[in-house]
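I have placed the structure first, in the form of C-alpha cells, so that the comments after it can refer back to it.
Every number in this text was worked out from the coordinates using simple rules, so none of it is lab data. The model shown is predicted, which means the values in this text are computed figures rather than measured ones. Cβ placement follows ideal geometry from the backbone for every residue including glycine, while neighbour counts extend to all protein chains displayed.
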Amino acid sequence: MPTGKKLPTYTVPTLTTEDGAKVAAILQDRLNALTDLHLTLKHVHWNVVGVHFIAVHEMLDPQVDAVRLMADDVAERIATLGGEPIGTPGALVASRTWEDYSLGRATTIEHLGALDEVYQGVITDHRQAAEATAELDDVTNDLLIGNLRELEQFHWFVRAHLESSSGELSTAGATTEVDAARAAGKSDQG
Ligand SMILES: [Fe+2]
C-alpha cells in the first residue's frame, strides 16, 4: 500500500520542503475525506426510498460531481507541492479517523438526517485544515476555502429539508448519523 510519507525533493517556490510536506499531509487527510464523501453521496443516491425520492436522488448527483472535482484539485495540489497523493481505497480506509456511513436502504428524510452529520464532520475538519494552512501556504488555504464555500451550500441544501418554519433543525443535538436519521424520521411523521 502506498504511504505518501516521503519528504518531497522540491516544493512550490518560497516554501521549505518541510512546510511543503506539512501542507501535503494536511491535504492528504482532506483528499481522504472528499473521496469518502463523494462515494457516500452516490451510495445515498442509490439507497434512498420513499416520499420525495426523485428530488433527493437527483439533488445528490451534482454534489457527487462537485466533490469529485474538489478531490481532484486537492490531489493535484499535493503533487504540485512535491508530494505523493494517495487515492487507493485501502489506504483511505486504513488512515481515516471516522467510521463508514451507517445507513443502507432508508427513507429520504433518514438519509438527509444522516447526511447532516456527515457534512457537519467534513466541514468542521476542512475548516480546521484551512486554518492550519493559513500561515503556511495561501494558495492551499484559498483552495480549501473555495471547497468550503460549496460544501457549506450543499450542507444547507440538506438542512433545508430538516428545518421547521421557525428555523429549528430536527437533527439538533444528534451526534451520530443513526441518531440524526432517527430524529429526522420521527419529526417527519409529525
Ligand atoms: Fe444515478
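Quick notes on this one:
- W156 sits among other residues whose Cβ lies under 14 Å from its own Cβ, and their net charge, with Lys and Arg +1 and Asp and Glu -1, is -2.
- Whole-Å distance, taken between Cα centres, linking the range 60-74 and the range 18-37: 16
- Charge context of V23, other residues only, Cβ under 11 angstrom, K/R +1, D/E -1: -2
- Within the range 129-188, GluC sites (Glu not before Pro) in DSSP loop having at most 15 other beta-carbon neighbours inside 10 Å: E135, E168
- Lysines with Cα under 26 Å of K22, excluding same-chain neighbours fewer than 8 positions away: K5, K6
- Based on C-alpha pairs under 8 angstrom that are at least 6 apart in sequence, the range 17-188 has a relative contact order of 27 percent.
- In the range 36-87, a dipole from Cβ-located charges (positive for Lys and Arg, negative for Asp and Glu) runs towards its positive end, and of M59, V49, V74 it is V49 whose Cα lies farthest in that direction.
- Rounded if a/c under 1.5, otherwise prolate or oblate - the range 17-188, Cα gyration tensor axes: prolate
- The magnitude of the dipole of the chain, with charges of +1 and -1 set on the Cβ of Lys/Arg and Asp/Glu and taken from the Cα centre, is near 400 debye.
- Helical content alone sets the calculated 222 nm signal of the chain at -23500 deg cm²/dmol, taking -39,500 (n - 2.57) per DSSP H segment of four or more residues and averaging over every residue.
- For the range 139-167 and the range 93-129, distance of Cα centres in Å: 14
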